[in-house]
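Remarks on the structure that follows.
The values are calculated or read from the model by the stated rules, or taken from the named source; none is laboratory data. Source: prediction; values computed, not measured. Please note: Cβ atoms are built from the backbone with ideal geometry, for glycine as well, and neighbour counts cover all protein chains shown.
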Protein chains: 2
Amino acid sequence: MIIDCHGHYTTTPPGVDAYRKNQVKMLDQDPSYIGEKGLFNVTDAEIRESIESNQLRLQKERGTDLTIFSPRASWMGHHIGNEYTSQFWTEQQNDLIRRVCDLFPQNFAPVAQLPQSPGVAPEKSVKEIIRTVEEMDFIGINLNPDPSGGFWQDSSLADRAFYPIYEKMSELDIPAMVHVSAACNDCFHTTGSHYLGADTTAFQQLMMSDVFKDFPDLKIIIPHGGGAVPYHWGRFRGLAQDNGIAPLEESVLKNIYFDTCVYHQKGIDLLLDILPAENILFASEMIGAVRGIDPETGHNFDDTKRYIDNSDKVSAEDKINIFEGNARRVFSRLQA
Amino acid sequence: MIIDCHGHYTTTPPGVDAYRKNQVKMLDQDPSYIGEKGLFNVTDAEIRESIESNQLRLQKERGTDLTIFSPRASWMGHHIGNEYTSQFWTEQQNDLIRRVCDLFPQNFAPVAQLPQSPGVAPEKSVKEIIRTVEEMDFIGINLNPDPSGGFWQDSSLADRAFYPIYEKMSELDIPAMVHVSAACNDCFHTTGSHYLGADTTAFQQLMMSDVFKDFPDLKIIIPHGGGAVPYHWGRFRGLAQDNGIAPLEESVLKNIYFDTCVYHQKGIDLLLDILPAENILFASEMIGAVRGIDPETGHNFDDTKRYIDNSDKVSAEDKINIFEGNARRVFSRLQA
């Protein structure tokens, strides 16, 4: 079985966009606008169509089985509006993910977005974790390390402000994928420099912190192959040593996992060569940041299964763990 | 001959720190403080001692010949003070680099920091380019893409605000190394996530821009092995294709160069394997971000010459170009 641990619902029916556009319109008129949870005007038939013609089709074409599925990351838009509009939007988006997974229970498992908002205590997101995980059987969360959308004006993940979330994660034994949303800062490109920079930043924040001492069972997934981290593994090993931090194998690799959203063979080879196989989870983030076909291979850039199949950097047994075993261990609430 | 294109004067005598501390003290009392250029209380004997026991010693030990040398990057501190204090500090720091290179003309060649300041037009830095390059024989500049020190509140490098600098660079045929300074944002670690994120960000800003169409001869060096870029070369190739940008070989590799400040063998192997050899310049950034000895090799993490010597990813001829030829081409004002 092949589990893709990183998929977003990027092909939502038009009722989703309409809901959000209305929120944004109301917020433009009045930044203190609250509104109500309301409704997504989306039918089951629309969901079926949007999934069958896209993610489900690609699962079949590429030979993967199950996608761990969450709301579209770039649309989380935590920098938009306020804690109330973020709460309503988030609840709707998570409810929609639940509907997808109910319609295709063999092919998708749900992960929640959180109702983060700039300047609002991360603690306030705990109730959405309880709602989605305890009441709706979600198996993980996405955690945004920069709700300000590229201005980095909120707390570091090292800060105790995040501890209520880590406590709940530990209690429920769920992992968080650290994932920013769209950049509203013109200096950054959302799915390029912002995503990759945030991945590297999250790793460094946690590495320099006491978080894993205080939460020894915490499980964090750094997406997009860990940003710049594996390529600069020597720099991070050296920085750890210079700062009196234990070797990374002891200080972070008991808690941090990397996905395989690296879109070329040599990059995947490096990832598999540098990190222990037990810290790597298969992922593609299809249909996402890069949608084209690589003219050098004739296959989609984001068809990452091929790179792992073709790599000689790990054993066949390790590949089985990267494709399935590690995801089952990290997402312990995933049902057989 | 082996040219290290990325060295900073990180071992300055105490008079440098004293000058800056006084500026900062005065600015703490009055943010509109201007002061005057004043003097660094630093003797030639102190400079000799600080260089001979550090950078010059390591050049000899490691078998390199010439370091392209600029003021300490993390001390540029463009976010501190205002355009006037930044101007005076910058002039002093550049004057000091000139003194180093006059004392050791066979071993060091000068690159200038710029007097950037948050919210101040980059155009105002042109006169320091004229002073250092035209009047003091500097051969390049360091350009900070985020004078706000991790809040990314100024213009992107794609913005026309930077065009006066690009015009002067083109006219003088000098390259710029894009290099941030210290992060004053707690979300970032200066020499880890901030440096690497900025490298990736600068590459993406330029890749998505018209800068190289408007300045076809512009030469930009992305340090620290290009941040996350080579590891994610497939993502950047795919993003270029999705955005209607010509293949990276045509759209950016005629203008962008990468240094070799990657502190482990497999990272260097990836860099040499992914990028054309003509786009790679040898560099170590010693004595810099990572000062320890790698217990896995018994050598300094930042002794990057060893990784290139040991790599089988490029030919002996390519290595000569990486060690010398490319630097001579890019830093065309470097005298034989």
**OP:** Return the residue satisfying two criteria in turn: it lies in the range B:45-74 and is part of a helix (DSSP H, G or I) and touching a Lys or Arg at 6+ places or on another chain (Cβ under 7 Å), and of such residues it is surrounded by the most Cβ atoms within 10 Å (Cβ to Cβ).
**Re:** B:I47
**OP:** Report the residue count in the range A:287-296 for those that are more than 20 Å from the chain's Cα centre (by Cα) and touching a residue at least 12 places away in the same chain (Cβ under 8 Å).
**Re:** 1
Original post:
With B:G77, B:G81, B:G119 as the choices, which residue is under 19 Å from the mean Cα position of the chain (by Cα) and either at pLDDT 95 or above or of a type in the set (D, E, K, R) (or both)?
Top reply: B:G77
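Inside the range B:176-201, can you point out the residues that are among the polar types (S, T, N, Q) and within 11 Å of B:P145 (Cβ to Cβ)?
B:S181, B:T200, B:T201
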**OP:** Starting from the range B:89-110, keep only residues that are at pLDDT 95 or above, then list their pairs with residues that are among the acidic types (D, E) and crowded, with 17+ Cβ neighbours inside 10 Å whose Cβ atoms are within a distance under 9 Å, requiring at least 6 positions of separation or different chains.
**Re:** B:T90/B:E128; B:E91/B:E128; B:N94/B:E128
**OP:** Of the conditions (1) under 19 Å from A:V330 (Cβ atoms); (2) over 22 Å from the mean Cα position of the chain (by Cα), A:R235 clears all except one; give me its number.
**Re:** (1)
Original post:
Could you say whether any residue in the range A:8-15 is part of a strand (DSSP E or B), of a type in the set (S, T, N, Q) and crowded, with 21+ Cβ neighbours inside 10 Å?
Top reply: no
Original post:
in contact (Cβ under 8 Å) with a residue 40 or more places away in the chain and within 16 Å of the chain's Cα centre (by Cα), is that true of A:N321?
Top reply: no
**OP:** Check off (1) away from chain B (no Cβ under 14 Å); (2) assigned to a loop (DSSP other than H, G, I, E, B); (3) touching a helix residue (DSSP H, G or I) at 6+ places or on another chain (Cβ under 8 Å) for A:Q335 and give me the number that stays unchecked.
**Re:** (3)
**OP:** Could you check, for the range B:268-277, whether at least one of its residues is facing chain A (nearest Cβ under 8 Å), touching a Leu at 6+ places or on another chain (Cβ under 6 Å) and either in contact (Cβ under 8 Å) with a residue 24 or more places away in the chain or not in a loop (DSSP other than H, G, I, E, B) (or both)?
**Re:** yes
Original post:
For B:A289, are the conditions met, namely being assigned to a loop (DSSP other than H, G, I, E, B) and at the interface with chain A (Cβ under 9 Å from one of its Cβ atoms)?
Top reply: yes
